[in-house]
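FYI, it's all coordinate maths here, none of it is from the lab. Source: prediction; values computed, not measured. Glycine also receives a Cβ, built like all others from the backbone with ideal geometry; neighbour counts cover every protein chain displayed.
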There are 2 protein chains.
Amino acid sequence: MKNRSNEALVALRRILKVTELNARALAQQSELTTSQSLLLQYVAEQEQALPSAIARAIELKQATITVLLNQLESNGFVTRSRDTEDRRRVWVRLTDAGNKVLEQSPDLLQSRFQKGFDRLESWEQSMIITALERIAALLDAKDVEAAPILDVGDLDRLIDDA
Amino acid sequence: MKNRSNEALVALRRILKVTELNARALAQQSELTTSQSLLLQYVAEQEQALPSAIARAIELKQATITVLLNQLESNGFVTRSRDTEDRRRVWVRLTDAGNKVLEQSPDLLQSRFQKGFDRLESWEQSMIITALERIAALLDAKDVEAAPILDVGDLDRLIDDA
C-alpha cells in the first residue's frame, strides 16, 4: 500500500517542483510573474479592457487585479485612462514597453498545460479533474480559495519575491 | 474548453497552495521540515538505523540524507555512532531532544494524504496515479527527479528558509 501512495506522492512532488522551478526561471528571465503575464496577454488580445472584465477573464479577484495593475503601471507596462463619456470607467491599455516585455517573456507553464489539456479526450479531462479534486479533498484543500493560475506564492507578489 | 482546463488549474492551485501553507505553518510550529520529520519518524520506529536504510525507507538520495543528518545532529536531535564490530557502519539514534521535538511536531500533510489514499479503493488509487502522471507529462515534468515528499522548496533546506 505504501508504495502506491508513494507513486502518487512522487508524481505530485514532480508537479510541485516543476511549477516552482518554472516560477523561479520566469523571475530570472522575465520582468513578469505568471499573473502579470496573463493580465498583459488578455489586455493585448482585447487592445483595451476594463479591470472588471480582466478579473472575470483571468479569474482573479478585483482586489488582486488592482494590485497587479498598480505594479504594471509603475513599471510603465500599462496605462489607465478614464472613458471620455463615462468617467467611472477606466480603460487599461498596453504601452510599447508592455508589448515588448510580453513578447520577450518565455512561454508560460500554464499555457503549455492548457494546450496539452485541451487536446485530451473529454473522458481523460474528466478523469484528471476528478482525480485532482479527490486529492484536494484528501488534503482538506477543497474549500481553499484558488485562482486557475499555475504558480507558487502570492499571485500579487512582485517578481523579486519569487 | 477553457473552462475545463481552468477547473483542473483551480484544483491544482488548491493543492499547491495548501502544500505551501502547510510548509510555512510547519516552519512556525515545529523545528523540523517535512523531510527531517520523516527521517526522525523512521529512526524512532527502528530505534536505530543505518543512513543507507533511511535513504531507502524515505526514498531520498544518500547525499540528501547526509545533509539532513548533519542538520539534525547539530541541533542535538540525533547521534551517529560507529558500530563496535564493523567500524564502517554508522548507527543513527534519536536523542531525548529528538524524541521530544518529534512528539511535539504537528501531523504532516503528507501523513494525512497517505492515510486518506490508503483507504481509497484500488481503482481510485490507480486513477489518481494515472491522472497525476498525465499532468506531469503535460508539464514536461515526467523525468524530473522527485522524492515522495509533499513539500515545497529544497528537501534539505533548513527550517528557517521555508
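The figures follow:
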{"item": "Sequence-distant lysines (8 or more away, or on other chains) whose Cα lies within less than 25 Å of A:Lys100", "result": "A:Lys115"}
{"item": "Cβ-placed point charges (K, R +1; D, E -1), dipole of chain B about Cα centre in debye, nearest 20", "result": "300"}
{"item": "Rounded to 10°, Cα long-axis angle of helix B:34-46 versus longest principal axis of chain B", "result": "50"}
{"item": "Copies compared at A:Arg93 - label distances in nm, ascending, label defined 7 Å from Cα in the Cβ direction", "result": "7.6"}
{"item": "Total charge dipole magnitude, the protein assembly as shown, about the Cα centre, Cβ charges on Lys, Arg, Asp, Glu only, Debye to nearest 20", "result": "200"}
{"item": "Estimated [θ] at 222 nm from DSSP helical runs (n ≥ 4, -39500 (n - 2.57)) normalised by residues in chain B, nearest 500", "result": "-20000 deg cm²/dmol"}
{"item": "Across the identical copies, how the B:Gln46 labels are spaced - nm, sorted shortest first, 7 Å along Cα→Cβ", "result": "5.8"}
{"item": "Shape box of region B:100-162 [Cα atoms, principal axes, largest first, Å]", "result": "39, 29, 12"}
{"item": "Listed residues A:Leu50, A:Leu120, A:Leu21, most fluctuating in chain A (Gaussian network, C-alpha, under 10 Å)", "result": "A:Leu120"}
{"item": "Max mean-square fluctuation residue, GNM over chain B, Cα-Cα springs under 10 Å, options B:Ser126, B:Ser111, B:Ser81", "result": "B:Ser126"}
{"item": "Under 17 Å from the Cα of B:Lys61 - aspartates and glutamates, other chains or at least 8 residues apart", "result": "A:Glu7, B:Asp143, B:Glu145, B:Asp151, B:Asp154, B:Asp156"}
{"item": "Nearest-first distances (nm) between copies at B:Glu145, label 7 Å from Cα via Cβ", "result": "4.0"}
{"item": "Stokes-Einstein translational diffusion, the protein assembly as shown - Kirkwood Rh over all Cα pairs, 1.306 mPa s, 10 °C, in µm²/s", "result": "73"}
{"item": "Given charges at Cβ of Lys, Arg, Asp, Glu: chain A dipole, positive-most of A:Leu108, A:Leu120, A:Leu32", "result": "A:Leu120"}
{"item": "Values of log10 I(q)/I(0), in the order q = 0.12 Å⁻¹, for chain A under a Debye, Cα-only, solvent-free model", "result": "-0.62"}
{"item": "Student exercise, region B:66-162 dipole from Lys, Arg, Asp, Glu Cβ charges, in Debye to nearest 20", "result": "340"}
{"item": "Listed residue (B:Val67, B:Ala147, B:Thr95) projecting farthest to the positive dipole end of chain B, Cβ model", "result": "B:Ala147"}
{"item": "Note, ³J(HN,Hα) from phi for region A:20-27, Karplus 6.51, -1.76, 1.60, rounded to Hz, x at Gly and Pro", "result": "5, 4, 5, 4, 5, 5, 4, 5"}
{"item": "Rounded tilt (10° steps) of B:109-119 against the dominant C-alpha axis of chain B", "result": "70"}
{"item": "Closest approach to the axis - chain B beta-carbon, rotation onto A, Å", "result": "B:Ala131, 2"}
